[in-house]
Amino acid sequence: MEKRIKLKENDVYSMCESKDYLILNNNYNGLTLYDSGLNFIKNIIIAEDLMIYEIYNSRFDNRIVIFDAENQMLYFIDLNKVSHVISVSTEVIFLNFFKFDNNNFILRSREVAYTFCFESGQLISTHPYVYEHILSVSNQQIMIEKNCKLYTVGNKGEINLNQAYDDNSLYVISEKYVIEYDENNIF
């Protein structure tokens, strides 16, 4: 069965999903949440003149980080505890890369990775960025390549798969398996 929703009087320009919610911007002051059946859950007011540049989200939980580049703000929001929105002023322009690591998350600029505490919004550390190539995404984890080695990243942190990355292969990850294949030799 197909379900549709009509949005009136909402300039929708940003959309993503978390573990339990479909997330849309609510004009220029917050978010609107729907469940997987497109049933309205709630509106969340964040700030006047909010201009969402990027929503960093995880499909592992319902925590998100919003980057408002125009107003130079980061907003940390646990969608299950909406009364606790943390805002942090920033002059850094972050890229669309993020990584959750337990209660911390990492954002990066072109040259530096920034680790923040999700609960407080406090900057924990900065370090030069090491390139990570995202190879596959599942509901539970992400497969990345860095320094020619394969890793999975999920709610247990980063795990080295003890396997070398092959530039000629494609990768698919599921809860139990890693599939490596060469699309030119499938049939």
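The values are calculated or read from the model by the stated rules, or taken from the named source; none is laboratory data. Keep in mind that what you see is a predicted model, and the values were worked out from it rather than measured. For neighbour counting, all protein chains shown are included, and Cβ atoms are generated from backbone atoms with ideal geometry for every residue, glycine included.
In segment 149-163, of all residues being farther than 25 Å from residue 19 by Cβ and touching a strand residue (DSSP E or B) at 6+ places or on another chain (Cβ under 6 Å), the one that is surrounded by the fewest Cβ atoms within 10 Å (Cβ to Cβ) corresponds to 160.
Could we say that residue 66 is modelled with pLDDT of 85 or more, in contact with a strand residue (DSSP E or B) (Cβ under 7 Å, 6 or more places away or on another chain) and farther than 28 Å from residue 125 by Cα here? No; evaluated as a whole, the condition is false for this residue. Restricting segment 60-85 to residues that are under 26 Å from residue 139 (Cα atoms) and of a type in the set (Asp, Glu) leaves a set whose member that is nearest to the chain's Cα centre (by Cα) is 61. Take residue 57 and tell me if it is touching a Cys at 6+ places or on another chain (Cβ under 9 Å) and under 19 Å from residue 123 (Cβ atoms). The answer is no for residue 57. Restricting the first member to segment 126-149 and to residues that are without any contact (Cβ under 8 Å) to a residue 12 or more places away in the chain, and the second to residues that are surrounded by 13 or more Cβ atoms within 10 Å (Cβ to Cβ) and in a strand (DSSP E or B), the beta-carbon pairs closer than 7 Å and six or more apart or on different chains are 134/142; 134/144.
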